[in-house]
Structure formats: structure tokens, C-alpha cells
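One structure below.
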Amino acid sequence: MSSDPADPTASLPDARARDAVRWAVSCAGGGPFATAVASADASFRRYFRISSASGTWIVMDAPPEHEDNDAFVHVAGLMRDAGLRVPEIHAADLDRGFLLISDLGTRTYLQAMNEDNAADYFGRAGEALIRWQGATRPGTLPEYDRALLLRETGLFAEWFLGRHLGVILTDDERAALNAVEDLLADRALAQGRVYVHRDYMPRNLMDGADAPGIIDFQDAVIGPVSYDAVSLYRDAFVSWPPGLVADGLGQLHERACAAGLPVPAARGDFLADCDWMGLQRHLKVLGIFARLTLRDGKPRYLADTPRFIDYVMQVVPRYPELAPLRAIFERHVLSRA
């Protein structure tokens, strides 16, 4: 951390970062500040923490040519209106992609959770999720439509199979995979529609209060009611025991029913929706993690691809319609990934 009062930006990595922090310091009232890198994610966004005697803030650097900062501001407002704990936006220069936001802390749920306390953390995350879904107002966010669903699952064949593993599917295999992708989209579109965070997992939930602090929400849409539930329990970075996942999803289903959300009445039907929705997400994430490595130079994400392969292989044997996908994984993925 730099604590030079003459230039609190001296330790930052580049000129844009220094510009962002200088802008933020001026918005926060000037004075002696310390600065540090807070985090970076899989997108083009970066975060810096600025600190003074009066408190701490987060500077979000999100280049507007790559990131939709208007969406961040809009979704933050919707979440705040729903009673959720999200960063307050103290200042924004959307033309440059600089935002000064409140600091929700340094510890994520992912860092805080273990098998002993997971049920408590999942419970709080579930309460916030039900509140978010219950606040849904049609027309306020983009729709999670067929085109987006298919574009996402298409990343698996292009980036994970093709570019990462070097697999060339036969015409029959390509047709079979396309049919599975269509089926996954059909199942997703048949579900009840609510607000969807799209990355509602412990890494994007901040610890430190009774309710989670929610971040990384700018890609929110209106879509399938099971999406955020399965994102929460079938995590990208840690695998929870199957019994904990099944019990947690069942409890979330009970809460959703009590809140009048558009979920199936039968728990088994909801869990099946989670299987199908999760499978769509797992294929998407496999493609994204390969793309992050090959296109964006971020190879650390590939270390978590075995988790998603395992998620896929847990689900496909349960449903005869998914036999073609199982065959593709058994032939092309299990021996190479």
C-alpha cells in the first residue's frame, strides 16, 4: 500500500489507474490518502481501495468501451430499492468509466465459509435472493432470452472443445450437441421469470453484516427462477457436499413457495429445474474459462474446469435426453481435460 501523502497513486500499476484514483480522491474531498489494489475480476473491471482517517472507499475502473457502467448504476438502484446491501455510488464519471462506491469490506463469503458454517451463510444468501426475486418488475431489465442462452452454451463447443482441447466434432456430434443446447434453452424458458443476478455465488457476496453485501451484479437480467439458486450452491470455486446442496436447494424452494415466487409446487420438479439450468451454466462457464485463458491471458481459471466437468457428469446420467452430451464428454473431455 502506498501512504505517500504527496502522491497516493505512486504504487498503482498504470496511468489509467492513477487517473482513476486521483479523480476519486478529489471526489472524496482530497487530503492524505493511502491506496491499494482491491481486486480484479474476469472482465475488464478493476477495483482500488482508497483510505483516509475518515473512512475507506472503492474506486471502480471500468473502461466504457468494454463495460456497461449505466447497467451497473441501474441494477444497483434496483437492488437498493429491494432492500439489498449493495455499494452506494458516491460519484461517477461514466464517460471515463470511473465510479467511487462504498466499501463493503475485504472478506467474501467464499473466504469465510466452511462446512461447519456453510448452512448459516447459505441461509443469509438465500434470504437476500428471495428478496431480490420478489422485487421483480417486468421491463426493468433485459430478458434472458433464447438468443442469449444459445450464445452462452455455444461457448462450450467453440472455446472449450475446439480451441482448448482441439476437438473437431463430427457432423452427427455437432447436430446432437445443438439439439441438447436447444433442449436446455427450452427448459430454461419454461421456468418462471424473476430478476437474475447471473453470478450469484459466494465470491460475489461480502461478509460483515447479517445480510450479504452483493457485488458484480451489472449483467443482471430477467430470467429463469432457478438460475441464481444453482449458481449459489454449485459454485465455480468450491464443491460442497451433495447432501448440503440438496438440503439447501430444498430449503430455498420452501422459501420461494412461501414468498409466492413462480417455482414448481413440487420440490423434485424444482431440483430438476436446477439440474437443467445448472447444466446450461456449467457448459457456458467451461467455455468462458477457456476463453479467459486463450484470449485474455488469464490461465488461473482453467484450474477450476474439472469441477464443472464433474458437475456435468453428475447430472447427465439422470436424464435420458442428455445421453448425446454424456457421449461427447466421455469421448472427448474426460480423457483430455
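Just so it is clear, none of the values below were taken in a lab; they were calculated from the coordinates. This structure is a prediction, so every number in the text was calculated from the model and none was measured. Don't worry about glycine lacking a Cβ; one is built from the backbone with ideal geometry, like all the others, and counts go over all protein chains shown.
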(request) Sort 123-131, 242-250 for me by packing, meaning the mean count of neighbouring Cβ atoms within 10 Å per residue, highest on top. (result) 123-131, 242-250
(request) Between Ala211 and Asn117, with labels modelled 7 Å along Cα→Cβ, what's the label distance in nm to one decimal, could you check? (result) 2.1
(request) Give me the number: length gained by fully extending Thr106 to Thr170, i.e. 0.36 nm times residue separation minus the C-alpha to C-alpha distance, one decimal in nm. (result) 18.2 nm
(request) For Leu94 and Asn178, calculate 0.36 nm times their separation in residues minus their Cα-Cα distance, and state this gained length in nm to one decimal. (result) 26.3 nm
(request) Report the convex hull volume per residue for the stretch 90-228, counting only C-alpha atoms, in Å³. (result) 181
(request) For Val37 paired with Leu334, estimate the spin-label separation in nm (one decimal), with each label point 7 Å from Cα along the Cα-to-Cβ line. (result) 4.0
(request) Taking the Cα centre of the stretch 67-108 as origin, sum charge times position over the Cβ atoms of Lys and Arg (+1) and Asp and Glu (-1), and report the length of that vector in debye to the nearest 20. (result) 280
(request) Average the reciprocal distances over every distinct pair of alpha-carbons in the stretch 159-215, invert the result, and give the Kirkwood radius in Å. (result) 15.1
(message) Below 8 Å, C-alpha to C-alpha, sequence gap of six or more: please give me the relative contact order for the stretch 1-152 in percent.
(response) 16
(message) I need the trypsin sites (Lys or Arg not before Pro) found in the stretch 260-337, filtered to DSSP loop residues with at most 15 other beta carbons within 10 Å of theirs.
(response) Arg295, Arg336
(request) Taking the Cα centre of the chain as origin, sum charge times position over the Cβ atoms of Lys and Arg (+1) and Asp and Glu (-1), and report the length of that vector in debye to the nearest 20. (result) 300
(message) Suppose each label sits 7 Å from its Cα in the direction of the beta carbon; what would the Asp247-Ala10 distance come out to in nanometres?
(response) 5.4
(request) With springs connecting C-alpha atoms under 10 Å apart, model the chain as a Gaussian network and identify which of Ala118, Ala15, Ala38 has the largest mean-square fluctuation. (result) Ala15
(request) Place a +1 charge on the Cβ of each Lys and Arg in the stretch 224-307 and a -1 charge on the Cβ of each Asp and Glu, then give the dipole magnitude about the Cα centre in debye, rounded to the nearest 20. (result) 440
(request) For the stretch 186-337, just say rounded, prolate or oblate: build the C-alpha gyration tensor, square-root its eigenvalues into a ≥ b ≥ c, call rounded for a/c under 1.5, and beyond that prolate if a/b exceeds b/c, oblate if not. (result) oblate
(message) If the elastic network links every pair of Cα atoms under 10 Å, which of Arg85, Arg174, Arg203 fluctuates the most in the Gaussian network model of the chain?
(response) Arg174
(request) Take every Cα pair under 8 Å in the chain that's 6+ residues apart, average their separations, divide by the length, and report that relative contact order as a whole percent. (result) 16
(message) Restricted to Cα positions, what overall size does the stretch 126-182 have along the principal axes? Three whole-Å values, descending.
(response) 46, 20, 15
(request) Pop out the ³J(HN,Hα) list for the stretch 303-317 in order, Karplus 6.51 cos²θ - 1.76 cosθ + 1.60 with θ = phi - 60°, rounded to Hz; leave Gly and Pro as x. (result) 4, 9, 5, x, 4, 6, 4, 5, 4, 4, 6, 6, 8, 4, x
